Amino acid sequence: MKPMAHLGVGIGWRPEIADAVERLPGLDWVEVVAENICPGHLPASLLRLRERGVRVVPHGVSLGLGGAHRPDPEKLAALGERAVALGAPLVTEHIAFVRTTAPAPVLEAGHLLPVPRTRDALDVLCENVRIAQDALPVPLALENIAALISWPGEEMTEGQFLSELVERTGVRLLIDVANLHTNRVNRGEDPAAVLDAIPLEALAYVHVAGGFERDGVWHDTHAHPVPGVVLDVLAQLRRRVDPPGVLLERDDDFPPEGELAGELEAIRGVLNAAGPRPSAPLPAPSHDSAANPAPGAAPEPVPGATPDPTPGPGPAADRVPRPPAAADATRTRVGLEQAALLSALVAGTPVPEGFDRQRVRVQSRALAAKRAGVIAKVAPELPGILGGEKAYREAFLAYARNRPMTGGYRRDALDFAEHLLIRDLPADPAGRRRLTAWWEERAGTRPPRRIVRWVRTLMRRAA
């Protein structure tokens, strides 16, 4: 495997801190959530960063390559389009499942959930990775995730699972040291053992993020300062390898600009403690056709990297032995296992045998709270209509207890409003009229159903 290009020290670009990111001293690169940008309408801040020579890497969160289903061709195409639009040297995703294939309707987790470290799950994951590699115009790297729960009957350690994944697919790894610490607290896994087991020559870059511990559970929030214990894991990794890049992630409760700069400086301090790294400066990416090849075309070589003898991620993966495609029976087994767990987490069904029931309940509450937070951002009018943040949260968590998300957050917001209106809620007539108007305005040309007739009755009653 050829060495990765040197990226340096970067930060996750988010709209809320876009101006601050542009002012951060010594910033080498940024990462952007792929699903949050449109290739034809890139934020002006990202364009200015690119003009300065700051690399931009798209980071996907919705493929669910660890799921029992084969990757969605449209999602793969969209991820590739963003890589091309940004002139990115690679794209990244997660070793996780995010939805089920059965039973109908499909259940959405709204979160990255761990795959079981079994031969069946690895076979499915490897085939999905190869499908993704063949579809993407740039190399793919996959991130280890933080987990609260462990699967019963696992056959491999985290290190063994990641090593075999790399061996069988040639995929690169994005190692999140905060996730390694999370799994140490929540699942008793030693970060050093993982770092000793994985092929560090496959390292694409590293994530660093904050969180906190409460009642013996580490919450990987990306909304708290990076603690010393996470920087210690970064130091362990640095003693083993000089990482091509390290990135600070922050997704919420953004601190003042000076605190972000201080966290980046702390990361640089850990990296420099083992001695200086050789560096090759990256030129400013141009905006001509060479920097933005057509989808499927091989990207231009990145300065500082040794080019592969064959272009693109697909042929590189072909240089390692490929097992037969995962049988449909294997996918069915994995799908049923994942559906049983996800249904317990989001639909209130019994916890599958062998899982820690208390941990599953904690995870279920965390998923519902996260879902409520996202809905409040997607539909910011709802808390006001329902009488404030507390009243909104109570109503939404009651709704979500046995009502899984099946069609994305915007659909979920409409379903939540329908749920309330059917029950003559909110109790305040003025609030009910406002919620009715809000729903009607956003439901569009949806075919009339019982709920539509009910809402019209409510409107007539309110008038």
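List of remarks:
- Computed from Cα atoms alone, the Kirkwood hydrodynamic radius reported for segment 358-406 is 11.1 Å.
- Protein heavy-atom accessible surface, 1.4 Å probe, per residue over segment 365-450: 53 Å².
- Length available on full extension from Glu201 to Leu425: 0.36 nm per residue minus the Cα-Cα distance, which gives 74.9 nm.
- To put it simply, the accessible area of segment 1-73 at a 1.4 Å probe is 54 percent carbon and sulfur.
- Accessible area per residue in Å² at 1.4 Å probe, computed on segment 1-119: 34 Å²
- Cα gyration tensor shape for segment 144-251, rounded if a/c is under 1.5, else prolate or oblate: oblate
- Prolate/oblate/rounded label for segment 212-260 (Cα gyration tensor, a/c 1.5): oblate
- Heavy-atom accessible surface of segment 99-166: percent carbon and sulfur, 1.4 Å: 56 percent
- Sequence-distant lysines (8 or more away, or on other chains) whose Cα lies within less than 28 Å of Lys2: Lys75
- Taken about its Cα centre, segment 328-403 carries a charge dipole of about 140 debye when Lys and Arg each add +1 at the Cβ and Asp and Glu each add -1 at the Cβ.
- Counting only residues at least eight positions apart within a chain, or on another chain, the lysines with an alpha carbon under 18 Å from that of Lys370 are Lys390.
- Prolate/oblate/rounded call for segment 102-167, Cα gyration tensor, a/c under 1.5 rounded: oblate
The values are calculated or read from the model by the stated rules, or taken from the named source; none is laboratory data. These numbers come from a predicted model, not from an experiment. Reconstructed Cβ throughout: ideal geometry from the backbone, glycine too, with neighbour counts over all protein chains shown. Please note that ligands, DNA and RNA were not included when accessible areas were found on the heavy atoms of the full protein model with its side chains. Shrake-Rupley method; radii C 1.70, N 1.55, O 1.52, S 1.80 Å.
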